[in-house]
Amino acid sequence: MKQYLISIYQPDGPTPEPEFLEPIIAQLQQIQRDLRKSGSWVFSAGLHAPDTATVVRAKGGDAMITDGPFVEGKEHLGGFTVIKAADLDEALAWGRRFAEATTLPIEVRPLVD
């Protein structure tokens, strides 16, 4: 089975109110349970806000370190899940569930073997 990265992109800005987030979180928890039950789940994690990032660049034997994300934009990677799937269609089916639950853009990408 191949592995796929399912990335959740969320808008920059404040965290939505609990009344808005609670049903989304409940749906995401159900998807995670279903992934585990199916044997497809490998790993998942949420990420802190982009302003907590640090970028390290190697140059001439030194490391240049800058605070903040590598790329700034109106959306950022908020979390990800790595799954095992028989093919892209199966991975996209999981991606669709994430998209329906979150109403956010979901990127599905195969990992290099």
**OP:** Report, in degrees rounded to the nearest 10, the 0 to 90 angle that the Cα long axis of helix 88-102 makes with the longest principal axis of the chain.
**Re:** 80 degrees
Original post:
What is the magnitude of the charge dipole of the chain about its Cα centre, with +1 placed on the Cβ of each Lys and Arg, -1 on the Cβ of each Asp and Glu, and no other charges, expressed in debye to the nearest 20?
Top reply: 460 debye
Original post:
Looking at ALA58, LEU92, LEU21, which one has the Cα that reaches farthest to the positive end of the dipole of the chain (charges on Cβ: Lys, Arg +1; Asp, Glu -1)?
Top reply: LEU92
**OP:** First compute the accessible area of the chain with a 1.4 Å probe, then give the percent of it belonging to carbon and sulfur atoms.
**Re:** 57 percent
**OP:** Counting helices only, and only those DSSP H runs with n ≥ 4, report the 222 nm mean residue ellipticity of the chain as the sum of -39,500 (n - 2.57) divided by its residues, in deg cm²/dmol to the nearest 500.
**Re:** -11000 deg cm²/dmol
**OP:** Starting from the Cα of GLN3, step 7 Å along the direction of its Cβ; do the same at ASP67; then give the gap between the two resulting points in nm.
**Re:** 3.3 nm
**OP:** Quick one: angle between helix 18-38 and the longest Cα principal axis of the chain, in degrees between 0 and 90, rounded to 10, please.
**Re:** 70 degrees
Original post:
lysines within cross-link reach of LYS2: Cα-Cα under 27 Å, excluding same-chain residues under 8 positions apart?
Top reply: LYS37, LYS84
Subject >> Net length gained if the chain between ASP113 and THR54 were fully extended (0.36 nm per residue, minus Cα distance) >> reply: 18.4 nm
Subject >> Cα→Cβ-extended label distance, 7 Å offset, between ARG96 and LYS37, nm >> reply: 1.9 nm
**OP:** Would you please name the chymotrypsin sites (Phe, Trp or Tyr not before Pro) within region 1-77 that are DSSP coil residues with at most 13 other C-beta atoms within 10 Å of their C-beta?
**Re:** PHE70
Subject >> Solvent-accessible heavy-atom area per residue, rounded to whole Å², over region 39-96 at 1.4 Å >> reply: 70 Å²
**OP:** List the GluC sites (Glu not before Pro) within region 1-93 that fall in a DSSP loop (any state other than H, G, I, E or B) and whose Cβ has at most 11 other Cβ atoms within 10 Å.
**Re:** GLU72
Original post:
Which entry in (i) 90; (ii) 118; (iii) 101 is this structure's computed volume of the Cα convex hull per residue in Å³?
Top reply: (ii)
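The values are calculated or read from the model by the stated rules, or taken from the named source; none is laboratory data. Note that the structure is a prediction, hence the values are computed from the model and not measured. Counting neighbours? That spans all protein chains shown, and the Cβs are built from the backbone with ideal geometry, glycine included. Side chains included, ligands, DNA and RNA excluded: accessible areas come from the protein's heavy atoms. Shrake-Rupley method; radii C 1.70, N 1.55, O 1.52, S 1.80 Å.
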